[in-house]
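Have a look at the structure below, then the notes.
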Amino acid sequence: MSFINYSAREISCKIVYYGPGLCGKTTNLQHIYKKISPDSKGKMISLATETERTLFFDFLPLALGEIKGFKVRFHLYTVPGQIFYDASRKLILRGVDGVIFVADSQVERMDANLESMENLIKNLKEHGFDLEELPYVIQYNKRDLPNAVSPEELNDALNPRKVPAYDAVAPTGEGVFETLKHVAKLVIMELKQKS
Amino acid sequence: MLNPGLVLFEEDSRLIDKELKKLNELARAKVSFLVDKDGQLISSMGETGDIDTTSLASLTAGNIAATGGMAKLLGEKEFSILFHEGEKDNIHISLVGQRAILVVVFDDRSSLGLIRLRVKRSVAALAAVFDNLAKKIEKSNAQEGGQSPFQEITEEDIESLFG
C-alpha cells in the first residue's frame with residue numbers, strides 16, 4: 001500500500017503489471033525506462049532467466065514530480081507470466097495500489113488471458129483485495145499483429161466492468177504511457193479519497 | 001482493504017533514524033536500512049554513497065516475501081532472520097514485527113555475532129516505534145476532520161505530474 005512519509009515529504013505507490021506469459025509486461029517497463037528522463041527514474045531491475053523470461057519480477061522506480069509539496073514516487077513491478085510461477089506472482093501483489101492487466105490481443109492467447117485474469121482475481125483475494133475496488137486499467141497489447149482479436153471482443157471477454165482499456169503496441173510505445181498515466185491518476189484519486 | 005498504507009510522521013522518523021544510527025555505530029556496520037515489507041525504503045544510515053537504496057529495498061522485500069512463502073510451504077510461521085555471506089560484504093536481514101525489515105550490511109570490521117546481538121536490541125526498539133505509530137494512526141483515524149494535505153488534490157495537480 002502507499003507509503004506517506006511526512007518527514008521526507010514523499011508518497012510512494014506500487015503499481016503492478018499483470019497478464020499471461022509473453023503478453024508484453026516487461027516490454028512496457030522497458031519502453032518507460034527508455035523514454036523517461038534520467039532524473040525521473042531509478043535503475044530498472046529484472047530478475048529473469050537466461051532466456052530473458054521474467055523469473056520473479058521487474059522493478060522500475062519513477063519519481064514524477066510533486067503534489068502539494070510531496071514528491072510522488074511510483075514503483076512499477078511486473079509479475080512472471082508463466083503459469084508455474086504462481087507463488088511468485090502472488091507475492092508481488094502484496095501491498096499493491098494499482099493494477100494494469102496487459103492482455104495479449106492474439107486470438108490464440110485468449111484462453112491464456114482469461115486464465116491470467118482469473119488468477120489475478122484469486123491472488124488479490126488472498127491478500128484481502130477486491131479487483132472491483134482497486135485502481136485498475138486494462139491494456140490490449142500487440143494490436144499491430146494480423147491475428148489480433150477486435151477490441152470489442154476483448155472487452156466482452158475480459159472487461160465486463162468496462163474499466164478504462166487502452167490499445168497498445170508496447171515495443172513502439174503506442175499506448176504505454178497512456179495506460180500508466182490513467183492508473184497513476186486512479187491511484188492518486190484513491191489516496192485523496194482515503195485521506 | 002486489509003493493509004492500511006504506511007504513514008510516517010517526523011517524530012517517528014527521527015526515532016527510527018536515531019536507532020539506525022546507534023545500531024550502525026555499535027555494530028560497526030557499513031550500512032543499516034529499514035524497509036517496509038511492501039518494498040519501500042523507510043530509512044538508511046551509514047555509507048550509503050554508492051548503494052542504490054531504492055533497488056535494494058525492493059529486492060529485500062522480494063527476498064523476505066519469497067522466504068515467507070518457503071516457510072509456509074514447510075509449515076513454519078516465518079523465517080525471521082536471513083544472512084547472506086559475500087567475499088567482502090555480508091547482509092543480515094531480520095523482520096521487525098509484521099511491518100518492516102531491518103537490513104544490515106557489514107564487512108570484516110564487524111562479526112556475525114556482534115551484528116546479531118545489536119540487531120536483536122534494535123529490532124525491539126524499532127518494533128516499539130511501529131507499535132506507537134499504529135496506535136497514533138488509529139487514534140487520528142478515530143478523530144473526525146483530521147487535516148490531510150491530500151484532501152485538496154485536484155485534477156490539475158495530477159496532470160502536472162505527467163508534464
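Throughout, read-outs are computed from the coordinates displayed, never taken from laboratory work. Everything quoted here is computed from the prediction, not taken from an experiment. Note that each Cβ is placed from the backbone with ideal geometry, even for glycine, and that neighbours are counted across all protein chains shown.
Net charge of the neighbourhood of A:Asn159, taken over other residues with C-beta under 12 Å away and scored Lys/Arg +1, Asp/Glu -1, is -1. Within the listed set A:Asn159, A:Asn113, A:Asn28, the residue fluctuating most in the Gaussian network model of chain A (springs between alpha-carbon atoms under 10 angstrom) is A:Asn159. Round to the nearest 10 and give me the degree value, 0 to 90, for the angle of helix A:110-126's Cα axis relative to the longest principal axis of chain A. Tilt relative to chain A: about 40 degrees.
Beta bridges per DSSP, both residues in the protein assembly as shown: antiparallel share near 65 percent.
Close amide H contacts of A:Phe56 (hydrogens built in the peptide plane, cut-off under 5 Å, sequence separation of 5 or more or a different chain): A:Leu47. Just checking the listed ones, B:Ala125, B:Ala29, B:Ala66: in the Gaussian network model of chain B with Cα springs under 10 Å, the one fluctuating most is B:Ala66. For region B:13-139, the relative contact order works out to 27 percent when only alpha carbon pairs closer than 8 Å and six or more residues apart are counted. Taken one residue at a time, the phi angles of region B:58-71 give Karplus couplings (6.51, -1.76, 1.60, θ = phi - 60°) of 5, 5, 4, 5, x, 4, 5, 5, 5, 5, x, x, 5, 4 Hz. Gly and Pro are set to x. In order along region A:182-191, the Karplus-derived 3J(HN,Hα) couplings, from 6.51 cos²θ - 1.76 cosθ + 1.60 at θ = phi - 60°, round to 5, 5, 4, 4, 4, 5, 5, 4, 5, 4 Hz, and Gly and Pro are given as x. Restricting the GluC sites (Glu not before Pro) of region B:25-85 to loop positions (DSSP other than H, G, I, E, B) with no more than 16 neighbouring Cβ atoms within 10 Å leaves B:Glu47, B:Glu76, B:Glu78. Net charge of the neighbourhood of B:Ile158, taken over other residues with C-beta under 15 Å away and scored Lys/Arg +1, Asp/Glu -1, is -3. For region A:41-144, trypsin sites (Lys or Arg not before Pro) meeting the loop criterion (DSSP other than H, G, I, E, B) and having at most 13 other Cβ atoms within 10 Å: A:Lys43.
Extents of the protein assembly as shown, taken as max minus min of Cα coordinates on every principal axis and listed largest first, are 64, 51, 41 Å.
When +1 charges are put on Lys and Arg Cβ atoms and -1 charges on Asp and Glu Cβ atoms, the dipole computed for region A:3-194 relative to its Cα centre reaches about 940 debye.
Projected onto the charge dipole of the protein assembly as shown (+1 at Lys/Arg Cβ, -1 at Asp/Glu Cβ, origin at the Cα centre), which of A:Pro164, B:Gly113, A:Ala63 gives the Cα projection farthest towards the positive end? Comparing the listed Cα positions along the dipole, B:Gly113 ranks first. Structural descriptor for chain A: relative contact order 23 percent, calculated from alpha carbon pairs under 8 angstrom and at least 6 residues apart.
FRET efficiency for the A:Asp111 to B:Asp108 pair, using the beta carbon distance and R₀ = 51 Å, is estimated at 0.40. Of the residues B:Ser140, B:Ser94, B:Ser110, the one that moves most in a GNM of chain B with alpha-carbon contacts below 10 Å is B:Ser140. Exposed loop sites were defined as trypsin sites (Lys or Arg not before Pro) in DSSP loop states (anything but H, G, I, E or B) carrying at most 16 other C-beta atoms within 10 Å; in chain B the longest segment without such a site runs B:110-163. For B:Ile42, the residues whose modelled amide H falls within less than 5 Å of its own, excluding neighbours fewer than 5 places apart on the same chain, are B:Leu34, B:Val35, B:Asp36. In summary, region B:1-152 shows an alpha-carbon radius of gyration equal to 1.10 times the 2.2 N^0.38 Å reference for compact globular proteins.
Close amide H pairs (under 5 Å, H built 1.01 Å from N) link A:Lys71 with A:Glu10, A:Ile11, residues at least 5 positions away or on another chain. Quick note on chain A: its Rg to Rh ratio, both from C-alpha atoms and Rh being the Kirkwood radius, is 0.95. Net charge dipole, region B:13-139: roughly 660 debye, given to the nearest 20, about the Cα centre with Cβ charges of +1 for Lys and Arg and -1 for Asp and Glu. Residues in region B:47-53 carry Karplus couplings, in order, of 7, 7, x, 9, 9, 7, 5 Hz; the curve used is 6.51 cos²θ - 1.76 cosθ + 1.60 with θ = phi - 60°, and Gly or Pro positions show x.
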